[in-house]
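Undergrad: Structure provided below as structure tokens; questions to follow.
Each value in this text was obtained by applying a stated rule to the coordinates, not by laboratory testing. The structure presented is a predicted model; accordingly, all values stated were derived computationally and were not measured. Here Cβ is always computed from backbone atoms with ideal geometry, including for glycine, and neighbour counts include all displayed protein chains.
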Amino acid sequence: MTTQQIFSPLPGIFYRRPAPDKPAYKNDGDVVADSDTIGLIEVMKSFNEVKAGTTGKILRFLAENEEAVMAGQPIAEIDV
Amino acid sequence: MAIKKLLIANRGEIAVRINRAARELGIATVQVYSMADKDSLAVRLADESVEIGPPQASKSYLNQATILAAAKATGADAVHPGYGFLAENAEFAAAVEAAHLTFVGPTAQSIRLMGDKVAAREAAAAAGVPTVPGSRGRLESTEAAFALVETTGFPVMIKAAAGGGGRGIRVARSADEFNHLMPQAQAEALAAFGDGGLYIERLIEGARHIEVQVLGDGHDVIHCFERECSLQRRRQKVWEEAPSPSLTPAIREKLCASAIALAKAVNYRGAGTLEYLYDDRTHEFYFLEMNTRIQVEHPVTEMVTGIDLVREMIRIAGGEPLRVRQDDVRVTGHSIEVRINAEDPTRNFMPNPGTVSALSIPGGDGVRFDSMLYQGYTVPPFYDSLLGKLIVHDKDRPNAIRKLSRALAELSVEGLATTKPLHQALARDADVQAGRFHTAWLEPWLELHASSIITDQASPVARAIL
């Protein structure tokens, strides 16, 4: 068991939900597959999906919903 | 009362533009900014600046209470909202006035009226301005819908009242299709939006987007002729010009007279724009909506009329009457504006924030670059992608297009991908040169001409030759 981080591919605003009235894509403790979407990054009014990029279990999110993030900033920790 | 200190409640190139206009009028400026815009050009140019919150617009540029508090703290006596953000928010306009400050724009009542689609359409109809044939608001029954299409003709769009942004729209090209689609549309609207309400609008295919600039002082209104903005991608204008290459003098006169009729009917104050669809085969135009603010593409009007719209709107807000008479507004030559966005046209217009490592700005007679850029500036990812606008003016349209190509070749924004190569490709295109386009022209063109959009590295000047 090792811990990996998922990094934001872009600078922008991080969202954990597909829409304000929808549940979060993933929560702490959820098992994710490589191609699962874990959040969105809004950059210049365009929305880009962030993929898990690996298979494992999400330990915790490091970035909050609607937080401003930099490219390369860790947004979640995952147990692979 | 004349404005002495103006708070600019916006960012980017329009904040720079407003700052310059205010200074030219001898008015001091206060620039509000989010944490992400601390290093912006607008902040650097302003006399004073006040931070109003975190990067997210909802917590800064849309935070009315913080903006009003900044005005109070700095002793500003007026607020200019620019475009976007709070520019067409009637509650904000009212709150500014309630705080005994001047709102540089129309009354809250005008903003509210024109922001309500059904009310705006009714005001237009009452002023004798043609609107797109269709239902006045939602249809109450299918019987009413069938009766209505007898008068509108085909094709018609059936729109879900609760839809928006292009969702829930169907097109019927005949009565048979309409009979078939109507119940289906109703059932689907009910399932998708929990509201089976529909409205109907005639579809004007191949229409152009033409808009009329007006200036009013609350008593009198003048027009400053039209702009054509038919080159659009995803409903965003990318290239705008004045005058329109497609209007005859007689239609132009009718169109501008209709804009005046509506703006006068609502005692309009400030700068405003009436948007129309224009069918150049039938020479018919239809009012779409009125934007109660300064627009991104206002410079092309300034270039051909010599009227500084931003200065005029500030003077009007300060209580001055209109200083230009309709007879003195004349169009000289032709002007084109292209939007330089931080988007990569060779990669499906992917947004591209980053740092400007080097910047060359084109010059020469009739070339204007309204932008928020400077060398070393880092473009934040939190707002729209507009970096600036390249505007040219020349004696006629062919010369303006040649000047645009020349100026684009001189423009260099290093460190970011921009839409510059798109505009270079458009300026070379035979249809663009002939003025043969409409609002649905650019998107299919992009699919077919992706390879003609080349990021210039080697010889930009050679490529600019038409």
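Undergrad: Neighbouring Cβ atoms within 10 Å as the yardstick, rank A:Asp79, B:Asp280, A:Asp34 fewest first.
TA: With the sparsest Cβ surroundings first, the list reads A:Asp34, A:Asp79, B:Asp280.
Undergrad: Could you check the simple spin-label distance between B:Arg323 and B:Glu205, using points 7 Å along Cα→Cβ, in nm with one decimal?
TA: 5.0 nm
Undergrad: With equal scatterers on the alpha carbons only and no solvent term, can you work out the Debye log10 of I(q)/I(0) for chain A at 0.11, 0.15, 0.17, 0.20 1/Å?
TA: Results for chain A at q = 0.11, 0.15, 0.17, 0.20 Å⁻¹ read -0.24, -0.44, -0.57, -0.79.
Undergrad: I need the shape label for the protein assembly as shown. Rule: rounded when a/c is under 1.5, else prolate if a/b > b/c, else oblate, with a, b, c from the alpha carbon gyration tensor. Write down the numbers at each step before the final one.
TA: On the way: a/c = 1.33, a/b = 1.12, b/c = 1.19.
Rounded is the answer for the protein assembly as shown, as its axis ratio a/c remains below 1.5.
Undergrad: To one decimal place, what Kirkwood hydrodynamic radius in Å is obtained for the stretch B:299-451 from all pairs of distinct Cα atoms?
TA: 17.2 Å
Undergrad: Can you tell me the relative contact order of chain B? Whole percent, Cα pairs under 8 Å, sequence separation 6 or more.
TA: 14 percent.
Undergrad: I've got another one for you. Which trypsin sites (Lys or Arg not before Pro) in the stretch B:153-200 sit in a loop by DSSP (not H, G, I, E or B) and have at most 14 other Cβ atoms within 10 Å of their own Cβ?
TA: The qualifying sites are B:Arg173.
Undergrad: For the residues B:His393, B:His100, what sequence is obtained by ranking on other C-beta atoms within 10 Å, fewest first?
TA: Fewest-to-most ranking of B:His393, B:His100: B:His100, B:His393.
Undergrad: Another question about this same structure. For the stretch B:272-383, what are the per-bin percents of Cα-Cα distances with bins 10 Å wide, up to the bin holding the maximum?
TA: All Cα pairs, binned at 10 Å, distribute as 10, 27, 34, 23, 7, 0 percent.
Undergrad: Can you give me the distance in nm between label points at B:Ala69 and B:Met35, each placed 7 Å from the Cα along the Cα-to-Cβ direction?
TA: Simple spin-label model gives 1.6 nm for this pair.
Undergrad: Report the charge-dipole magnitude of the protein assembly as shown in Debye, nearest 20, computed about the Cα centre from +1 at each Lys and Arg Cβ and -1 at each Asp and Glu Cβ.
TA: 660 debye
Undergrad: OK, next. Looking at the square roots a ≥ b ≥ c of the eigenvalues of the Cα gyration tensor of the stretch B:221-286, which shape do they give, rounded for a/c under 1.5, prolate if a/b is larger than b/c, or oblate?
TA: Values: a/c = 1.95, a/b = 1.30, b/c = 1.50.
Oblate.
Undergrad: Write out the trypsin sites (Lys or Arg not before Pro) in the stretch B:390-434 meeting two conditions: DSSP loop, and at most 12 other Cβ atoms within 10 Å of their Cβ.
TA: Numbers: sites: B:Lys395, B:Arg402, B:Lys403, B:Arg406, B:Arg428; in loops: B:Lys395.
Here the sparse-neighbourhood loop sites are B:Lys395.
Undergrad: A further question follows. For a 27 Å ceiling on Cα separation, which of these pairs sit above it: B:Lys59/B:Lys159; B:Lys117/B:Lys264; B:Lys5/B:Lys38; A:Lys45/B:Lys59; B:Lys38/B:Lys59?
TA: Table pairs above 27 Å Cα-Cα are B:Lys59/B:Lys159.
Undergrad: Here is a follow-up. Any idea what the dipole of chain B comes to, in debye rounded to 20, about its Cα centre with Lys/Arg Cβ at +1 and Asp/Glu Cβ at -1?
TA: 560 debye
Undergrad: Using a 7 Å offset from Cα along Cα-Cβ at B:Glu443, what residues in the stretch B:159-201 end up with backbone N under 15 Å from the label point?
TA: B:164-171
Undergrad: For the stretch B:5-104, max minus min Cα coordinate along each principal axis, in Å, sorted largest first?
TA: Principal-axis extents of the Cα atoms in the stretch B:5-104, largest first: 31, 29, 23 Å.
Undergrad: Please report the projected area of chain B's Cα convex hull averaged over all directions, in nm².
TA: On the way: hull surface 88.9 nm².
The orientation-averaged projected area of the Cα hull of chain B comes to 22.2 nm².
Undergrad: In debye, nearest 20: dipole of the stretch B:16-62 around its Cα centre with unit charges on the Cβ of K, R (+) and D, E (-)?
TA: It works out to roughly 120 debye.
Undergrad: Multiply the residue gap between B:Asp47 and B:Glu122 by 0.36 nm, knock off their C-alpha separation, and tell me the result in nm, one decimal place.
TA: 22.6 nm
Undergrad: Another question, if that's okay. Loop only by DSSP, 15 or fewer other Cβ within 10 Å of the Cβ. Give me the trypsin sites (Lys or Arg not before Pro) in the stretch B:288-389 that pass, ordered by residue number.
TA: Listed in order of number, the matching sites are B:Arg323, B:Arg325, B:Arg330.
Undergrad: Could you point to the residue in B:Gln424, B:Gly168, B:Ile158 farthest towards the positive end of the protein assembly as shown's charge dipole, with +1 and -1 charges on the Cβ of Lys/Arg and Asp/Glu respectively?
TA: B:Gln424
Undergrad: Kindly provide the Kirkwood hydrodynamic radius of the stretch B:142-202 in Å, to one decimal, from all pairs of distinct alpha carbon atoms.
TA: With all distinct Cα pairs of the stretch B:142-202 included, I get 11.3 Å.
Undergrad: Another question, if that's okay. Given a Förster distance of 45 angstrom, what is the FRET efficiency for A:Val31 paired with B:Arg136, based on the Cβ-Cβ distance and rounded to 0.05?
TA: 0.25
Undergrad: Another question, if that's okay. How large is the convex hull of the C-alpha atoms of the stretch B:208-464 per residue, in Å³?
TA: Convex hull of Cα atoms, per residue: 132 Å³.
Undergrad: Moving to a separate point now. For the stretch B:35-190, what percent of Cα pairs sit more than 28 Å apart?
TA: Roughly 46 percent, rounded to a whole number.
Undergrad: Once label points are set 7 Å from the Cα along Cα→Cβ at both B:Arg23 and B:Thr378, what is their separation, rounded to one decimal in nm?
TA: 2.5 nm
Undergrad: Can you tell which of B:Phe146, B:Gly318, B:Cys256 lies farthest toward the positive end of the dipole of the protein assembly as shown, using +1 and -1 charges on the Cβ of basic and acidic side chains (Lys, Arg; Asp, Glu)?
TA: Looking along the dipole axis, the top candidate is B:Gly318.
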